[in-house]
Amino acid sequence: MSASRVEQLHQRLTQALNPVDVQIEDDSAKHAGHAGAQSGGGHFNVRIISPAFAGKTLVQRHRLVYDAVGDMMHSEIHALSIQAKTPDE
Amino acid sequence: MDVLERIDEQVKNNPIIIYMKGTPKMPQCGFSSRAAQAMQACGVPFAYVNVLADEEIFQNLPRYANWPTFPQIYVGNELIGGCDITLEMYQKGELKPLMEKAAATSGGDTAA
């Protein structure tokens, strides 16, 4: 079940942001049992490198990632930790 | 008052404010905890809102700034980001000067 969430995330990020690299880590197990995990949403760490981030502030970059993830936020995903870089960084 | 107006007033009336789960002393979420710790380490006073104690803000803050998660940190009336960005700025040494500047230009009329 978790693996498919990672695949789904990967697919959405790849489609929206045309990244040169995406690494997604399912961190849900570490947070199992705390209040936020009760809803069933997972915790994921995303490291994404894409030219789409060039010239963008961190807030703008994270918004692009959230937009790409779309409706998975709050249903499938409780928390998303994001590192968004350009290929040059 | 409409909840979005209420949030807008909080953001405008406080040069630095964090919307978090719990309080800086009793955080209820690891992300909120880490963000609040970084802000405290900068030594600049800041306001906070415990979103778990205000259901209306909890439900509506994400659409206020088009940002889906908590915590949310506003400095100088502007969203600087959530936990990741705040920690990254702290580690780069950018958070403290930003907070100091916002606190200085607000003229001291701070009321949460």
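Each reported figure results from applying straightforward, stated rules to the coordinates on display, with no laboratory input. Because the structure is predicted, anything quoted here is derived from the model rather than measured. As a convention, Cβ positions derive from the backbone with ideal geometry for all residues, glycine included, and neighbour counts pool all protein chains shown.
Could you please rank A:MET72, B:MET89, B:MET26, placing first whichever residue has the fewest other Cβ atoms within 10 Å of its Cβ? Kindly include the intermediate steps, with their values, before the conclusion.
Details: A:MET72 18, B:MET89 22, B:MET26 8.
Fewest-to-most Cβ neighbours within 10 Å comes out as B:MET26, A:MET72, B:MET89.
Per DSSP H run of n ≥ 4, the term is -39500 (n - 2.57); total these for chain B, divide by its residue number, and report the mean residue ellipticity at 222 nm rounded to 500 deg cm²/dmol.
Numbers: 5 runs with 53 residues, N = 112.
When only DSSP H runs of four or more count, the value is -14000 deg cm²/dmol.
For a paramagnetic label modelled at 7 Å from the Cα of A:HIS74 toward its Cβ, which residues of the stretch B:54-91 fall within the zone defined by backbone nitrogen distances under 15 Å?
B:55-72
Among A:HIS62, A:HIS74, which comes first, then next, by fewest other beta-carbon atoms within 10 Å? Walk me through the numbers on the way to the answer.
Working: A:HIS62 24, A:HIS74 13.
So the ranking, lowest neighbour count to highest, is A:HIS74, A:HIS62.
Just to confirm the filter: which trypsin sites (Lys or Arg not before Pro) across the stretch B:42-112 are DSSP coil and have at most 12 other Cβ within 10 angstrom of their Cβ?
Working: sites: B:ARG63, B:LYS92, B:LYS101; in loops: B:LYS92.
When the trypsin sites (Lys or Arg not before Pro) of the stretch B:42-112 are filtered for loop state and at most 12 Cβ neighbours within 10 Å, B:LYS92 remain.
To check my understanding: the extent here is largest minus smallest coordinate of the Cα atoms along each principal axis. What are those three numbers for chain A, in Å, largest first?
39, 23, 21
How high is the relative contact order of chain A, given as a whole-number percent (alpha carbon pairs under 8 Å, six or more residues apart)?
That works out to 34 percent.
May I ask which residue of A:ALA16, A:ALA52, A:GLY42 lies farthest towards the positive end of the charge dipole of the stretch A:2-85, with charges of +1 (Lys, Arg) and -1 (Asp, Glu) on Cβ and the Cα centre as origin?
A:ALA52
Please state the shape class of chain B: rounded when a/c is under 1.5, otherwise prolate if a/b exceeds b/c and oblate if not, all from the C-alpha gyration tensor. Could you put the intermediate results ahead of the total?
Working: a/c = 1.64, a/b = 1.18, b/c = 1.39.
It comes out oblate by the Cα gyration axes.
In debye to the nearest 20, how big a dipole does chain B give about its Cα centre with +1 on each Lys and Arg Cβ and -1 on each Asp and Glu Cβ? Kindly include the intermediate steps, with their values, before the conclusion.
Numbers: 9 positive and 13 negative charges, 85 e Å.
The calculated dipole for chain B is roughly 400 debye.
Given contacts defined as C-alpha pairs under 8 Å and at least six residues apart, what's the relative contact order of chain B, whole-number percent? Don't skip to the end; give the middle numbers.
Numbers: 171 pairs, mean separation 40.1, N = 112.
Relative contact order of chain B: 36 percent.
What angle do you read, to the nearest 10 degrees and between 0 and 90, between the alpha-carbon axis of helix A:58-69 and the longest principal axis of chain A?
60
Residues with amide H under 5 Å of B:THR23's amide H, sequence separation 5 or more or different chain, H placed in the peptide plane at 1.01 Å from N; which?
B:GLN28
Which of B:ALA41, B:PRO71, B:THR23 sits farthest toward the positive end of the charge dipole of chain B, with +1 on the Cβ of Lys and Arg and -1 on the Cβ of Asp and Glu?
Positive-most Cα among the choices belongs to B:ALA41.
Calculated from DSSP H runs of 4 or more alone, at -39500 (n - 2.57) each and per residue, what is the 222 nm mean residue ellipticity of chain A, nearest 500?
When only DSSP H runs of four or more count, the value is -11000 deg cm²/dmol.
Among A:ASP21, A:ASP26, which comes first, second and so on when ranked by fewest other beta-carbon atoms within 10 Å?
Working: A:ASP21 10, A:ASP26 15.
Fewest-to-most ranking of A:ASP21, A:ASP26: A:ASP21, A:ASP26.
Using a basic spin-label model with each label point 7 Å from the Cα along Cα→Cβ, how many nm lie between B:ALA53 and B:ASP2?
2.7
Once the Cα atoms of helix A:2-17 and of chain A are each reduced to a long axis, what angle between those two axes, in degrees from 0 to 90 to the nearest 10, is obtained?
Long axis of A:2-17 versus the principal axis of chain A: about 20 degrees.
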